[in-house]
Amino acid sequence: MKACPFPMDALLPHGRPMILLDEVVGRDETRLVAALTVRAGAPFFEAGRGMAAHIAIEWMAQACGAFVGAEALESGGPVRLGLLLGTRDFRAAVSWFHEGTRVEVTAALVYRDGEMGVFDCMAVADGRKAAKAQLTVYQPADTAALLASQGVKVSS
């Protein structure tokens, strides 16, 4: 696994505070590992509890996005919007991720066909597997056309 030369903010098409991952730990041709530290004040943080386990699904989706974002930037292309179509077999060994916990999130490419992809994902906290799921994602070549076809108006 090699270091990623791009900061997380460059790999995803949206901005903070909705970028929930702090950094890319490493990546290779089929996998990306990202990390975050659970902090008070972050989106979805609940005082006295931390972050609910189901937030790991968004961490996983963002790790998938960072994987394809890094591919795009390395090939000289733009980072594009991706959509989470489905989550299969989500399981969590914890109910909450507590404040101060460092979480590593892995997205491993299982299957890709054009604009569709499937990733096996895992969140590890304190050295233990805390959550896992398989995500199906879609990255349309022309997001504006897709949204327009659904009657969504996009402002620039």
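The values are calculated or read from the model by the stated rules, or taken from the named source; none is laboratory data. This structure is a prediction, so every number in the text was calculated from the model and none was measured. Cβ placement follows ideal geometry from the backbone for every residue including glycine, while neighbour counts extend to all protein chains displayed. Accessible surface is based on the protein model in full, side chains and every heavy atom, while ligands, DNA and RNA are left aside. Shrake-Rupley method; radii C 1.70, N 1.55, O 1.52, S 1.80 Å.
For the range 1-77, which trypsin sites (Lys or Arg not before Pro) are in a loop by DSSP, counting at most 16 other Cβ atoms within 10 Å?
Numbers: sites: LYS2, ARG27, ARG31, ARG39, ARG49; in loops: ARG39, ARG49.
Within the range 1-77, the qualifying trypsin sites (Lys or Arg not before Pro) (loop, at most 16 other Cβ atoms within 10 Å) are ARG39, ARG49.
At q = 0.08, 0.09 Å⁻¹, what log₁₀ I(q)/I(0) does the chain have when each alpha carbon counts as one equal point scatterer in the Debye sum?
Those come out to -0.22, -0.28, one per q.
Got the relative contact order for the chain handy, in percent, Cα pairs under 8 Å and 6 or more residues apart?
Worked out over the chain, it gives 22 percent.
Determine the distance separating the Cα centre of the range 75-149 from the Cα centre of the range 10-71; give it in Å without decimals.
Cα centroid to Cα centroid, the span is 9 Å.
Could you put HIS98, HIS14 in order of accessible surface area, largest first, with the 1.4 Å probe and the full protein assembly present?
I get HIS98, HIS14, largest accessible area first.
Leaving out ligands, DNA and RNA but keeping every protein chain, what accessible area does SER95 have, in Å² rounded to the nearest 10, with a 1.4 Å probe?
Ignoring ligands and nucleic acids, SER95 comes out at about 90 Å².
Computing the accessible area with a 1.4 Å probe over protein heavy atoms, can you report the carbon and sulfur percentage for the range 34-86?
So the carbon and sulfur contribution to the accessible surface is 57 percent.
Under the Karplus relation 6.51 cos²θ - 1.76 cosθ + 1.60, θ = phi - 60°, what is the ordered set of whole-Hz ³J(HN,Hα) values for the range 55-64, x standing for Gly and Pro?
Karplus values, whole Hz, x for Gly and Pro: 5, 4, 4, 5, 4, 5, 4, 5, 5, 4.
Counting only heavy atoms of the protein chains, get the accessible area per residue of the range 1-118 (1.4 Å probe) and round it to a whole Å² value.
Each residue of the range 1-118 exposes 51 Å² on average to a 1.4 Å probe.
Let me have the 222 nm mean residue ellipticity of the chain computed from DSSP H runs of 4+ only, each contributing -39500 (n - 2.57), with the sum over all residues rounded to the nearest 500.
-5500 deg cm²/dmol
Calculated FRET efficiency, VAL110 and ALA148, Cβ-Cβ r, R0 25 Å, to nearest 0.05?
It comes to 0.20.
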